[in-house]
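The values are calculated or read from the model by the stated rules, or taken from the named source; none is laboratory data. On a predicted model such as this, the values are computed, not experimentally measured, just so you know. Glycine also receives a Cβ, built like all others from the backbone with ideal geometry; neighbour counts cover every protein chain displayed. Ligands, DNA and RNA are excluded from the accessible area calculation, which covers all protein heavy atoms including side chains. Shrake-Rupley method; radii C 1.70, N 1.55, O 1.52, S 1.80 Å.
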Amino acid sequence: MTNKIPVLALDGPSGSGKGTIGQLLARRLGWHFLDSGALYRSLGVAAEQAGVDLNDKTALARLALEMSLRFTPREAADTVDVQLNGQEIGDRLRTEASGRRASILAAIPEVRRALLQKQHSFRQPPGLVADGRDMGSTVFPDAILKVYLTATPDVRAERRYKQLKDKGFDVNLRGLFDEIRERDARDAVREVSPLKPAKDACILDTSQLDISGVVERVYGLLQARQRRG
Ligand code: DC
């Protein structure tokens with residue numbers, strides 16, 4: 001059965017701007033928003049709370065199926081409030097350490113399978129903007145538009161630095177650069193849903209563009225795609 005609810009798939013590495021761009025586009029379109037990275041990050045927190053080891057695939061997959069999550073977009077365009085089993089954990093998700101844990105458990109096929117249904121459940125009328133690594137390639141292969149956002153590692157590290165500093169985290173640019181490179185490498189070489197553009201994705205390098213420039217560009221692509229039907 002084909003699903004008629006349109007999905008805009010925004011994929012790309014950490015710091016490519018997809019979270020901020022995705023939320024702004026979702027607001028402009030009046031569509032729902034899925035921050036799939038937050039699902040993997042939340043599972044990392046759930047595992048920590050339950051004392052589950054990141055090597056225990058079976059326990060992690062079970063935890064992924066059982067955890068209850070509620071996402072509420074915040075006023076700031078790059079964050080969502082996240083409740084895990086009824087407890088607010090949004091701020092714990094944003095650290096680089098949480099990104100690292102997420103990237104480790106995201107390499108486990110059983111975990112990715114267990115999180116599929118949760119991701120599909122975000123597809124509600126009138127539409128969904130989905131941000132992640134494999135939105136276009138695996139989770140929503142029938143997305144109306146697939147965009148792969150990228151930027152040089154230096155630019156991405158600087159963006160993450162500014163984003164985390166603004167939120168009051170004590171961060172170091174060099175350390176962030178190294179962690180981003182390490183996370184990119186792990187996400188790109190894993191066997192299931194590695195970080196790479198879907199075959200039919202439009203690739204957009206945002207290194208020289210500001211946020212509104214990217215939003216306009218993607219919005220224009222989406223309108224053109226919708227006109228074509
Ligand atoms: O988008 P993010 O930085 O919040 O994602 C954190 C990690 O989660 C990322 O390094 C890899 C993993 N991830 C994934 O494997 N697939 C997704 N669709 C989203 C995130």
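Considering the options Pro126, Pro153, Leu204, tell which one lies farthest towards the positive end of the dipole of region 125-205, charges being +1 on Lys and Arg and -1 on Asp and Glu at the Cβ, about the Cα centre.
Ranked along the dipole, the leading option is Pro153.
Is region 109-229 rounded, prolate or oblate when judged by the Cα gyration tensor, a ≥ b ≥ c being the square roots of its eigenvalues, rounded requiring a/c under 1.5 and prolate requiring a/b larger than b/c?
On the way: a/c = 1.85, a/b = 1.29, b/c = 1.44.
Since a/c reaches 1.5 but b/c is at least a/b, the shape of region 109-229 is classed as oblate.
Rounded to the nearest 500, what is the chain's calculated 222 nm mean residue ellipticity when only DSSP H runs of at least 4 contribute -39500 (n - 2.57) each, over all residues? Please report the intermediate quantities before stating the final value.
On the way: 9 runs with 112 residues, N = 229.
Mean residue ellipticity at 222 nm (helix-derived): -15500 deg cm²/dmol.
Could you give the length gained by full extension between Asp154 and Thr95, i.e. 0.36 nm per residue of separation minus their alpha carbon distance, to one decimal place? Walk me through the numbers before you get to the answer.
Working: separation 59, 0.36 × 59 = 21.24 nm, distance 1.84 nm.
Full extension of this stretch gives 19.4 nm more.
Per-residue HN-Hα couplings for region 50-65, Karplus 6.51 cos²θ - 1.76 cosθ + 1.60 at θ = phi - 60°, whole Hz, x for Gly and Pro?
Computed from phi, the couplings for region 50-65 are 8, x, 8, 6, 6, 9, 8, 4, 5, 5, 5, 5, 5, 4, 5, 6 Hz.
What order do Ser207, Ser103 take when sorted by accessible area (1.4 Å probe), most exposed first?
Most to least solvent-accessible, the answer reads Ser207, Ser103.
Expected output is a single nm value to one decimal: the length gained when fully extending between Leu173 and Glu110, i.e. 0.36 nm times separation in residues minus the C-alpha distance. What is it?
This chain segment gains 19.3 nm when fully extended.
So what is the accessible area of the chain per residue, in Å², with the probe set to 1.4 Å?
The answer is 49 Å² per residue.
Would you tally the net charge around Glu216, using a Cβ to Cβ cut-off of less than 12 Å, leaving Glu216 out, and scoring K and R as +1, D and E as -1?
+1
For Val189 and Ile144, what is the calculated FRET efficiency with R₀ set at 30 Å and r taken between the beta-carbons, to the nearest 0.05? Walk me through the numbers on the way to the answer.
Numbers: r = 30 Å, r/R0 = 0.99.
The value I calculate is 0.50.
Express in nm, to one decimal, how much length is gained between Thr72 and Arg228 on full extension, taking 0.36 nm for each residue of separation and deducting their alpha carbon distance.
Length gained, Thr72 through Arg228: 52.9 nm.
Work through the residues other than Lys199 whose Cβ is under 13 Å from its Cβ and net out their charges, Lys, Arg +1 and Asp, Glu -1.
-1
Give the shape of region 34-164 as rounded, prolate or oblate, defined through the alpha-carbon gyration tensor: a ≥ b ≥ c are the square roots of its eigenvalues, a/c under 1.5 means rounded, and otherwise the shape is prolate if a/b is larger than b/c and oblate if not.
Values: a/c = 1.36, a/b = 1.14, b/c = 1.19.
Rounded shape, in that the Cα axes give a/c under 1.5.
Taking square-rooted eigenvalues a ≥ b ≥ c of the alpha carbon gyration tensor, is region 91-160 rounded, prolate or oblate, where a/c under 1.5 means rounded and, failing that, a/b exceeding b/c means prolate?
In terms of gyration-tensor shape, oblate.
Roughly speaking, to the nearest percent, how much of the chain's 1.4 Å accessible area is carbon and sulfur?
Summing carbon and sulfur atoms, their accessible area is 51 percent of the total for the chain.
Restricting to bridges with both residues inside the chain, how much of the DSSP beta-bridge set is antiparallel, in percent to the nearest 5?
Taking every DSSP beta bridge with both residues in the chain, the antiparallel ones total about 30 percent.
Which pairs, out of Lys18/Lys196; Lys4/Lys118; Lys162/Lys196; Lys4/Lys146; Lys4/Lys196; Lys118/Lys199, put more than 20 Å between their alpha-carbon atoms?
Result: Lys162/Lys196; Lys4/Lys196; Lys118/Lys199 exceed 20 Å.
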